[in-house]
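Report on the structure given below.
The values are calculated or read from the model by the stated rules, or taken from the named source; none is laboratory data. If you're wondering where the values come from, they're calculated on a predicted model, not measured in any experiment. Cβ placement follows ideal geometry from the backbone for every residue including glycine, while neighbour counts extend to all protein chains displayed. When the accessible area is computed, the model is the full protein with side chains, heavy atoms only, and any ligands, DNA or RNA have been set aside. Shrake-Rupley method; radii C 1.70, N 1.55, O 1.52, S 1.80 Å.
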Amino acid sequence: MAQNAFAPVPRALADALGAARYVAALTGAGISAESGLATFREAQTGLWARFDPRELATPSAFAKNPKLVWEWYAWRREQAAAAEPNAGHRALAELERRLPRFLLITQNVDGLHQRAGSRNLVELHGNIGRVKCSREGTIVERWDAPRDSVPRCASCGALLRPDVVWFEETLPADALAQAEAAARECDMLLVIGTSAEVYPAAALPASARASGATVVEINPHATPLSARVDYALRGPSGAVLPALLASLEAGGSGAK
Ligand code: BV8
């Protein structure tokens, strides 16, 4: 097996992972970067280069120009469907199988965690693969995609929209409650591929630390969280997570 480019995981961290009763992971767009999906803060490419995603992912953008927003999501939906889960997604799915208790909390909407085999999963910001009626909120499986306009709900005629949480929209209450409970109860929180700037998700690491959990940041770059974690593993999640899994297999006592 190719030697991981990433330096070995600190022994104390491997031991803590092996001894943990309950590990949670919080992921952001960075874990999908090695699957070829642009992260939120990277400059958008092509047609979307002139737009700031934080401006587009809002109810007001959709109200003002529904076709532009609908097409941006249709483009991202195709990108996500064409992407493959990477070694980082797969390592998290394996950790779920090996650890006594594991919950994956994702901010991502690309569905790659599910395709990698993760089951104990909370989607804080919805899923780009799902479309719903903008009035009734009901999920729509199929829709006619007219070339020059946004599809409408067959039952009430309102515009369809992606089933994602836009800025200034509240997160699904049950998903947020599950994530907040996990932050309070877990022994270890892995914070992977997130700039830790979008709330309320960005508040989870502080809650975990305040409850006594070991907080581990996995990110090639520093973030506002970096000064408040127990371990900062500076590398791409596609290399670091397999190394973390290998350290568990090498000696962690918690493996099932
Ligand atoms: C809400 C779905 C109540 C759509 C998204 C304080 C408290 C509460 C709310 C707020 C607050 N302050 C401000 C707010 C409002 C706002 C907010 O947080 N704004 C920010 C900009 C300050 N929050 C909200 O509006 C939330 N709603 O709070 O409701 C409310 C109601 C009314 C008024 C106010 C509050 C809703 C937030 C959800 C928005 N929807 N996504 C879509 O995807 O189109 S968020 C979207 O951006 C993504 O889902 C993602 O979560 C986020 C981007 O963050 P990241 O995932 O971290 O990605 P990013 O690109 O930033 O970073 C990537 C990282 O990966 C980098 O660090 C990079 O170094 C790293 N990386 C790169 N390569 C790799 C890597 N890491 C590992 N491996 C690699 N190879």
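Taking a virtual spin label 7 Å from the Cα of Glu71 along the C-beta vector, which residues in the range 144-175 bring their backbone nitrogen under 19 Å of it? Counting backbone N atoms under 19 Å from the label point, the list is 144-152, 159-162. The modelled label-to-label distance between Thr138 and His221, using points 7 Å beyond Cα along the C-beta direction, is 4.4 nm. Pairs of C-alpha atoms in the range 71-163 farther apart than 23 Å represent 35 percent of all such pairs.
Report the local net charge at Leu159: Lys and Arg +1, Asp and Glu -1, summed over other residues whose C-beta lies under 12 Å from its C-beta. Residues close to Leu159 contribute a combined charge of +4.
Under the rule of -39500 (n - 2.57) per DSSP H run of 4 or more residues, summed and divided by the residues of the chain, what mean residue ellipticity at 222 nm is obtained, to the nearest 500 deg cm²/dmol? Let's see the in-between values first.
Working: 9 runs with 88 residues, N = 256.
My calculation for the chain gives -10000 deg cm²/dmol from helical runs alone.
Kirkwood analysis of the range 142-256, using all unique Cα-Cα pairs, places the hydrodynamic radius at 17.2 Å. Only Lys, Arg, Asp and Glu carry charge here, each on its Cβ (+1 for the first two, -1 for the last two); on that basis the chain has a dipole of about 160 debye about its Cα centre.
Among residues other than Pro59 with Cβ under 10 Å from its Cβ, the summed charge is 0 (Lys and Arg +1, Asp and Glu -1).
The residues of the chain present an accessible area of 47 Å² per residue when probed at 1.4 Å with all protein chains retained.
Give the percent of DSSP beta bridges with both residues in the chain that are antiparallel, rounded to the nearest 5. Intermediate values should be presented prior to the final figure.
Values: 8 of 29 bridges.
Of all bridge pairs located within the chain, approximately 30 percent are antiparallel.
Full extension of the chain between Glu249 and Asp174 yields a length gain of 23.7 nm, computed as 0.36 nm times the residue separation minus the alpha carbon distance.
In the neighborhood of Ala16, defined by Cβ-to-Cβ distances under 9 Å, what is the net charge if each Lys or Arg adds +1 and each Asp or Glu adds -1? Net charge in that neighbourhood comes out at -3.
Kirkwood hydrodynamic radius of the range 168-212 from all distinct Cα pairs, in Å? Don't jump to the answer; show the numbers that get you there.
Numbers: mean 1/r = 0.0907 Å⁻¹.
This gives a value of 11.0 Å.
Based on the convex hull around the alpha carbon atoms, the chain presents an average projected area of 14.0 nm².
Please report the carbon-and-sulfur percent of the accessible area for the chain; probe 1.4 Å, protein heavy atoms only, DNA, RNA and ligands left out. Its accessible area is 52 percent carbon and sulfur atoms.
FRET efficiency for the pair Ser149 and Glu84, taken as 1/(1 + (r/R0)^6) with r the Cβ-Cβ distance and R0 = 30 Å, rounds to 0.40. Helices meeting the span-like rule in the chain (full DSSP H runs, Cα extent of at least 20 Å along the helix axis, mean Kyte-Doolittle score of -0.5 or higher): 237-251.
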